[in-house]
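These notes concern the structure reproduced below.
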Amino acid sequence: MNTCLIKEKGLGKTLFQMTWPMLFGVLALMSYQLVDAAWIAILGVDPLAALAFTLPVQQILIGLQIGLGIATTAIISRTLGANNHQRAKQQGGLILLIGTSLLALLSLIIWLSRHLILNFLGADASLLPMIESYWVPWLLSAWLGAVIYLGYSQHRANGDTRFTGLMMVLVSCLNLILDPLFIFTFGWGLNGAAWATVAAFTLGGIFTFPRLWKRNLISLNFTQLNRLAEIRGLFAMAGPAALSQLMPAVAALLATGLVASFGVAAVAAWGLGARLEMFSLVIVLALTMSLPPLLGRFAGAKDWQAIEELIRLAVRFIIVWQLAIAVIWLALSKPLTQLLTKDIEVSTLVMDYLLKLPFSYSGLGVCILMVSASNALGLPVRALIISILRLFVCYLPFLWAGAYLGGINSLFTGALVGNLLAGILAWQMYQQGLKHLRLQKPA
């Protein structure tokens with residue numbers, strides 16, 4: 001769909017039609033990851049601990065995966081917006097080859113460095129045989145998942161979020177079905193969870209990649225394509241995007257360490273609140289997948305007015321939506337905390353969390369969206385700066401100040417203020433970036 005047809009159809013309607021499939025896809029992805037961990041927990045403490053030692057390494061793979069996905073969507077959608085469809089197909093093929101190779105190389109490096117990594121993480125010697133055995137199918141599943149994500153990004157760049165959302169739901173559901181079969185029925189234990197994911201992703205790939213060729217969205221014929229320039233452009237986009245994906249994990253570790261100083265109950269409450277936050281922001285995460293292809297199209301066409309309208313529409317929706325979610329959490333805070341935990345101290349802290357932090361999710365949502373929008377417009381360094389400001393200038397300092405001034409309850413207040421301030425700064429940074437693009441490339 002070209003930019004004229006998008007505007008004729010209506011920006012709001014198009015954004016809605018592209019967002020709702022991603023909403024179900026993100027929910028399915030979150031659900032399968034939670035259920036996956038629940039099945040493994042049934043196996044006992046050791047398998048669960050082995051899984052925990054895998055998560056920090058997985059963050060690295062996911063960071064590169066999402067960085068490449070962001071770059072794929074931004075580069076291809078802008079080329080399509082400039083009505084250069086042949087180049088967009090060639091870019092898709094080149095990115096797929098390079099991304100697949102890079103992800104395979106990183107997986108191989110992780111495997112060869114496994115002893116060094118596990119020693120650094122402090123894994124108990126008794127767990128090493130289990131972890132090593134698990135990492136063979138797990139690395140394969142991680143590589144397959146990352147490659148399929150690149151395929152999803154190619155579809156999104158071409159405006160097809162419905163197929164992407166459907167595949168995310170189907171693959172997640174298949175994984176949920178295969179988990180108990182591979183773990184318990186076949187008796188494969190922890191490794192069975194990884195093999196179930198391998199099987200689900202393999203089937204997803206069978207549907208995803210042939211469809212790219214069938215719809216003529218990708219080409220491996222690189223004639224008249226400046227491959228060196230395209231590769232430089234890919235890394236210029238993917239590098240900062242991948243780094244910005246790794247920073248939240250670092251910030252989460254620092255925040256958890258601060259909360260841990262107030263005791264086990266505080267950590268438990270913080271963990272429960274973080275899970276609720278993840279589901280509270282699901283519509284924001286869906287928008288970060290559906291909005292960039294549209295922004296990229298209009299950026300390629302140099303239609304800055306349409307970009308401004310789209311962003312303002314999305315921001316207004318996020319603010320109203322997240323405030324409504326905050327009111328719902330406020331109304332449900334007491335019965336919800338009683339359902340989540342029977343510990344009185346933890347319950348009290350979770351209630352305080354729900355009374356404060358959800359009202360800052362509008363600012364947090366705007367900030368996350370501005371990072372995504374900046375990447376889509378070809379401003380990856382600005383997106384990285386916004387992420388740094390959010391985490392290390394707003395969030396963590398206000399978290400620390402709240403804890404220092406008034407303990408755990410004021411820590412929650414500090415997080416609230418930090419998220420709101422981050423949203424304001426992100427909006428200003430984005431506006432400056434858009435102004436720079438307008439001056440540099442006038443419509």
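The values are calculated or read from the model by the stated rules, or taken from the named source; none is laboratory data. Treat the numbers as computed from the prediction; the structure is a model and nothing was measured. When we count neighbours, we look across all protein chains shown, and the Cβ atoms used for this are built from the backbone with ideal geometry, even at glycine. We work out accessible area using only protein heavy atoms, side chains counted, and drop any ligands, DNA or RNA first. Shrake-Rupley method; radii C 1.70, N 1.55, O 1.52, S 1.80 Å.
Remarks
- By average C-beta atoms within 10 angstrom, highest first, the peptides 206-215, 271-280, 129-138, 88-97: 88-97, 129-138, 271-280, 206-215
- At least 20 Å along the helix axis (C-alpha) and Kyte average at least -1.0, DSSP helices within the chain: 11-43, 45-81, 85-112, 128-157, 161-180, 189-214, 227-260, 264-280, 282-300, 304-340, 361-376, 396-440
- Rg over Rh for region 1-146 works out to 1.10, using Cα positions for both radii and the Kirkwood form for Rh.
- The accessible surface of the chain, taken with every protein chain in place and a 1.4 Å probe, is 69 percent carbon and sulfur.
- The chain: relative contact order in percent, alpha carbon pairs under 8 Å with at least 6 residues between: 22 percent
- Counting every C-alpha pair in region 78-237, the share spaced more than 18 angstrom apart comes to 66%.
- Whether the chain is rounded, prolate or oblate, judged on the alpha carbon gyration tensor where a/c under 1.5 counts as rounded: oblate
- The packing ranking, built from the mean of other Cβ atoms within 10 Å per residue, places the peptides 297-308, 7-18, 190-201, 368-379 in the order 368-379, 190-201, 297-308, 7-18, highest first.
- Computed helical MRE - 222 nm, the chain, DSSP H runs ≥ 4 contributing -39500 (n - 2.57), nearest 500: -30000 deg cm²/dmol
- Centre separation in Å (Cα based) which lies between region 74-113 and region 297-348: 32 Å
- A 1.4 Å probe run over the protein chains yields, for the chain, 44 Å² of accessible area per residue, whole-number rounding.
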